[in-house]
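The values are calculated or read from the model by the stated rules, or taken from the named source; none is laboratory data. Computed from a predicted structure; not experimentally measured. Cβ placement follows ideal geometry from the backbone for every residue including glycine, while neighbour counts extend to all protein chains displayed. Note: accessible area is taken over every heavy atom of the protein model, side chains too, but ligands, DNA and RNA are not part of it. Shrake-Rupley method; radii C 1.70, N 1.55, O 1.52, S 1.80 Å.
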Amino acid sequence: MESLTAKFITAFRSERLIYRAIDMQDIPLVARMLWDPVNQGFGDPTLYTPLSGTVGSVMVQKGLEASLLAVLICLPNPQAQQDAAPGLPGNSLRAAQESAIPIGSLMLGKPTAPQTDHWRWTRMGLGIAEEHQGNGYGKEAVNWALDWAFEFAGMHRVELTTASYNDRAIAMYKSLGFKEEGRKRETIYMDRRWWDMVEFGILEGEWEALRGKKSGQSGGQRIVQGGF
């Protein structure tokens, strides 16, 4: 019971970040972060055209409806932490989530058909606001999402795709244990060149090996730094 209590208290926090649900009022913010010119070019290799706020919000809404998990990636609010009154850990976590500063979003999709639910797989997508890139927040958030997928959602595999010109993302995924599983060669056209669509995946057993767990073993208490 005590180990589960500790896990619940820290489940939506990693070393530097806090994660909270995306509310309806957050949709325009998520759309702006995901479809600024740089994020759009690297994260969405389809035809590169200006995207209106309305269209972006509709796309985010559709993503939410098809998601197993949809969270804002946030930085703790230092002032709110300083002003927080002591209380129960669960209440402190809620206060930290409500005051946190959004810097990105992450979604894990539902299987596309009920007939494949028993395959226990999910597809990941994320974006970090341009001004917060280069600080390792994306890597930390993906690492957290893998723990959530395998510890709480019972997934067997997590997968994602990226364009072959997104060198930084490819290096990050490989460093976290994702395996390149295939390429659709020269399927993306961008800047007068043909690029591959690269498929990555990580299996439950591979994640267990990285975390030093035995099959079916609980993760125990998540270690985080800082208070709420």
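General observations
- Accessible area per residue, Å², the chain with all protein chains present, probe 1.4 Å: 56 Å²
- Multiplying the residue separation of Leu210 and Lys7 by 0.36 nm and subtracting their alpha-carbon distance yields 71.2 nm.
- Max mean-square fluctuation residue, GNM over the chain, Cα-Cα springs under 10 Å, options Ala100, Ala209, Ala169: Ala209
- Counting every alpha-carbon pair across the stretch 94-228, the share separated by more than 19 Å comes to 59%.
- Pairwise Lys count, the chain - Cα closer than 23 Å, eight or more residues apart or different chains: 15
- Simple Cβ-charge dipole of the stretch 5-147, Lys/Arg +1 and Asp/Glu -1, about Cα centre, in debye nearest 20: 360 debye
- Long-range Cα-Cα pairs in the chain (distance over 29 Å), rounded percent: 29 percent
- Mean residue ellipticity, 222 nm, helices only, the chain: the sum of -39500 (n - 2.57) across DSSP H runs of n ≥ 4, divided by residue count and rounded to 500, is -11000 deg cm²/dmol.
- Cα coordinate range in the stretch 1-85, projected on the principal axes (Å, largest first): 51, 30, 23
- Environment charge of Gly205, counting only residues whose C-beta is closer than 13 Å and scoring Lys/Arg +1, Asp/Glu -1: +3
- Inverse of mean 1/r across different Cα pairs in the stretch 166-216, Kirkwood, Å: 12.6 Å
- Calculated log₁₀ intensity ratio I(q)/I(0) where the Debye formula runs over C-alpha points of the stretch 118-173, q = 0.14, 0.25, 0.27 Å⁻¹: -0.43, -1.08, -1.17
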